[in-house]
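Structure first, then comments.
Read-outs: derived from the displayed coordinates by stated rules, not from any lab. Keep in mind that this is a model prediction, so the values were computed, not measured. Note: ideal-geometry Cβ built from the backbone for every residue, glycine included; neighbour counts use all protein chains shown.
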């Protein structure tokens, strides 16, 4: 465990150094990310101004959902997405071989090696706004906050597993340059009022491609609008997806014929 | 245009080799529009600024296909080629980089239109099967011709804007900051997120003089008969003005950029 924490610390330091190397990009990204937050708020008010309620969700519920979504998705985009995109490219270019020879878990190395620290600044800002907004509009007990936090983590785990399963398909497809685009489209589905998904779509969004986990589940917990049974099933499905991603990686590695040798 | 044709042929072969990527691209686009349709299907109101619910759903279906035809999103590929030095092979050879991208992107569009057209057809079929009402399109020679011309303007605008933003990589080794602007502000003003008539009146007025409306919304407005004759003429004038400005900008950036460029590892 200590080895992995040390590695994570080193990855963090290297990523920070890399970002600071491109100072203009870092400063402009931070500035524009605030413009982006304001634009997102305007978009939400315009949409709800036109639509009234959407699937029973008011504008307050939707803003809460969007804040939760951006805090959680920032975590995914900071700590996981950059490495997984590289993972897919490394398979094609043969760079994976080098990682396979290292005495650490392959999934860990291919999931956390590259971090995008700029995005974490925006995430932190959104987290502060979320806290202020949620406590003002919703009565939250410590238990509810803890439960929302735990299910936020589970949501990250579920989306991570789904993303990793998709990236592992690169062992067969070779060049999946649209992986990020597809994942972002899936991701985006999580920021809309969850009740727009009904019937089989709802089951898919909860348990198979758990986009509900990156926004809707913690929001519904804060709103006290979700049953314990659904939460339990969601937790089981995310854990299952995570183990499935590990099993699938092992299977894929057995099929892997290096591209570099 | 011989350069463009050669790159078109090579790019077609390249895409035939990487079919997995194309399939993923298809699902990404379908997913995005499918969710937007679900959002508006579940809206409490049935009348929006200038649109009924069936019209709005038709708008998104049309968008699905037209975005593939009109949106020439080459920002990242251009920037990546400059950052990793692959652009050197164009600088050192008697080939136009701009024409090369026209050829490559055209092949991608051709495949994309077939895929997205099928996708939009399937979505429309599913919606009709579930008794979701769609608005009929009243297409005549006049609005088809005007929409085609507006489409050409839209292609020129998105292509030149993306190309010039990609050329920023000559000066900045990382251009992540451009994403924040490009993928937040432009979809808001171009009609990608929602029709531009949904914007507050002041923003609508400003948007008439910005180039972004002519990336997509203008074509849809013409196709759906949401714009009057005088506004069409004014729209074309603004769009053409921006094309000329973008044209000068890209030429200037290419000249200055290639002078300032230092490729390493080549």
| query | Hey, what D do you get for chain B in µm²/s if you plug the Kirkwood alpha-carbon radius into Stokes-Einstein at 37 °C and 0.692 mPa s? | reply | 165
| task | Over the whole of B:187-196, what's the average partner chain Cβ count within 10 Å per residue? Rounded to a whole number, please. | result | 2
| Build a GNM of chain B with springs between Cα atoms under 10 Å: which of B:195, B:77, B:211 gets the top mean-square fluctuation? | B:77
| message | If you average the alpha carbon positions of the range B:190-204 and of the range A:115-129, how far apart do those two centres end up, in angstrom? | response | 28
| query | Taking only the alpha carbons of the range A:118-238, what extent do you get along each of the three principal axes, in Å, biggest first? | reply | 50, 37, 23
| Candidates B:217, B:228, B:148, ranked by Gaussian network fluctuation over chain B, Cα under 10 Å, top entry | B:228
| query | Across the residues of B:40-47, average count of Cβ atoms on other protein chains within 10 Å? | reply | 6
| said: Could you tell me the center-to-center distance, by alpha carbons, between the range A:203-261 and the range B:34-55 in angstrom? | reply: 31
| note | Expressed in µm² per second, the diffusion coefficient of the range B:57-120 from the Stokes-Einstein equation, with Rh the Kirkwood radius over alpha carbon pairs, at 20 °C and 1.002 mPa s, is 160
| remark: Expressed as a whole number, the average count of other chain Cβ atoms within 10 Å around the Cβ atoms of A:185-198 is 4
| For B:67, B:14, B:3, order by how many other beta-carbon atoms lie within 10 Å, fewest first | B:14, B:3, B:67
| How big is the C-alpha Rg of the range B:113-207 next to the rule-of-thumb value 2.2 N^0.38 Å, as a ratio? | 1.44
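Convex hull over the alpha-carbon atoms of the range A:34-106: what's its volume per residue in Å³? All intermediate terms of the calculation are to be shown ahead of the outcome.
Details: hull volume 10.7 nm³, N = 73.
Residue-normalised Cα hull volume stands at 146 Å³.
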| note | Proxy exposure order for B:221, A:19 (fewest C-beta within 10 Å first) is A:19, B:221
| Can you pull the three principal axis extents for the Cα set of chain A, in Å, largest first? | 60, 44, 36
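Rg(Cα) of the range A:65-147 divided by 2.2 N^0.38 Å?
My calculation over the Cα atoms of the range A:65-147 gives 1.48.
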| remark: Per residue, the convex hull enclosing the alpha carbons of the range B:1-129 has a volume in Å³ of 135
| query | How compact and how long is the range B:84-146, expressed as Rg and Dmax of its alpha-carbon atoms in Å? | reply | 20.0, 59
| Tell me, what is the percent relative contact order of chain A, built from C-alpha pairs under 8 Å that lie six or more residues apart? | 27
| query | Mean residue ellipticity at 222 nm from the helices of chain B, using -39,500 (n - 2.57) per DSSP H segment of n ≥ 4 over the full residue count, to the nearest 500 deg cm²/dmol? | reply | -24000 deg cm²/dmol
| request: Give, to the nearest whole percent, the P(r) tail of the range A:91-137 beyond 16 angstrom, counting all Cα pairs. | output: 60
| query | Rg to Rh for the range B:174-266: what is it, with Cα atoms only and Rh by Kirkwood? | reply | 1.10
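Could you state the per residue volume, in Å³, of the convex hull enclosing the Cα atoms of the range A:177-243? Present the calculation step by step, with values, prior to reporting the outcome.
Details: hull volume 6.1 nm³, N = 67.
Per-residue hull volume (Cα only) is 91 Å³.
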| field | the range B:114-184 and the range B:211-263: distance between their alpha carbon centers, rounded to Å | value | 14
| request: Just need the Rg to Rh number for the protein assembly as shown, please, alpha carbons only, Kirkwood Rh. | output: 0.95
| task | Select from B:147, B:129, B:36 the residue whose mean-square fluctuation is largest in a Gaussian network model of chain B (Cα-Cα springs shorter than 10 Å). | result | B:129
| request: Please tell me the relative contact order of the range A:135-261 in percent, rounded to the nearest whole number, where contacts are Cα pairs under 8 Å and at least six residues apart. | output: 42
| remark: Answer check: the range A:1-156, Cα atoms, Kirkwood Rh, Rg/Rh ratio of 1.05
| said: Per DSSP helix of 4 or more residues, -39500 (n - 2.57); summed, then divided by the residues of chain A. What does that give at 222 nm, rounded to the nearest 500? | reply: -24500 deg cm²/dmol
